[in-house]
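Written below as structure tokens is the structure these notes are about.
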Amino acid sequence: KHGLTLQLAYTWSHEIDVESDDLSTDVSNPYDLKYDKGSGTYDRRNIFNANFVYDVPFLLQSGNYLTRGFLGGWQVAGVVVAESGSPQDITYGTDTVGLGGGTNNRPNIVGAISYPKTQKAWFNTAAFAAPAAPWTAAGAGGTGFGDARKDAIVGPGLFNWNLSLYKDIPIHESIKLQFRAESFNTFNHTEWNSIDTGFTDGSFGQ
């Protein structure tokens with residue numbers, strides 16, 4: 001309508017599982033499968049896509065043939081993508097369980113999780129603490145498993161604009177010349193690749 005062609009798509013979803021990534025790792029606690037139940041790595045809560053083409057009306061119908069042909073007839077097009085980040089599993093690399101066999105553990109949550117969203121701190125790492133092994137005084141009577149859920153934090157999402165500006169310049173009835181300028185990630189929005197989620201790593205949270 002009025003020279004604008006627009007397509008919009010939005011999806012809300014929530015993927016929940018016990019074991020993500022096609023069983024690429026072992027369950028954390030073989031005695032309690034609910035310990036690993038939560039949002040899986042394929043979970044993208046919100047996905048929005050838009051694409052459009054707009055015929056700029058400037059000088060499209062006015063002026064002589066040369067004016068319309070060389071100054072009018074511009075088009076602007078774009079593709080916009082916005083996605084929520086995926087859940088991330090915070091891992092604890094030291095054995096405080098004693099099961100062996102490649103089982104995994106997670107730290108405890110000791111505070112509210114916030115998101116500075118910087119390169120050095122995507123989330124506040126102070127919200128997590130080491131779990132205590134049951135053979136120690138601090139962990140006596142416990143299982144050694146941390147109480148953090150496997151989907152304790154959400155990783156970076158995706159927000160991207162690709163835009164183009166172009167026009168057809170008529171040369172002859174069957175010949176035309178097209179000018180096109182395209183930009184990708186037009187607004188230079190930083191797209192983070194991954195986060196270090198290993199509690200015992202020196203770059204934890206980066």
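The values are calculated or read from the model by the stated rules, or taken from the named source; none is laboratory data. Bear in mind the structure is a predicted one, so any value in this text is a computation, not a measurement. All Cβ positions, glycine included, derive from the backbone under ideal geometry; neighbour counts span all protein chains shown. SASA here: full protein model, heavy atoms, side chains in, ligands and nucleic acids out. Shrake-Rupley method; radii C 1.70, N 1.55, O 1.52, S 1.80 Å.
Selection over segment 129-186 of residues that are touching a residue at least 12 places away in the same chain (Cβ under 8 Å), in contact with a strand residue (DSSP E or B) (Cβ under 7 Å, 6 or more places away or on another chain) and either over 30 Å from V76 (Cβ atoms) or not hydrophobic (A, V, I, L, M, F, W, C) (or both) gives a count of 26.
Each row is one residue, and each column tells you yes or no for (1) under 30 Å from P57 (Cβ atoms); (2) of a type outside the set (A, V, I, L, M).
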site	(1), (2)
G85	no, yes
I90	no, no
A126	no, no
F159	yes, yes
K167	yes, yes
I171	yes, no
S174	yes, yes
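Which of the residues belonging to segment 120-163 are in a loop (DSSP other than H, G, I, E, B), touching an Asp or Glu at 6+ places or on another chain (Cβ under 6 Å) and open to solvent by 30 Å² or more (accessible area, probe 1.4 Å)? Within segment 120-163, just G157 meets the criteria. Scan segment 194-206 for residues that are of a type outside the set (F, W, Y), open to solvent by 40 Å² or more (accessible area, probe 1.4 Å) and in contact (Cβ under 8 Å) with a residue 24 or more places away in the chain and the total you get is 4.
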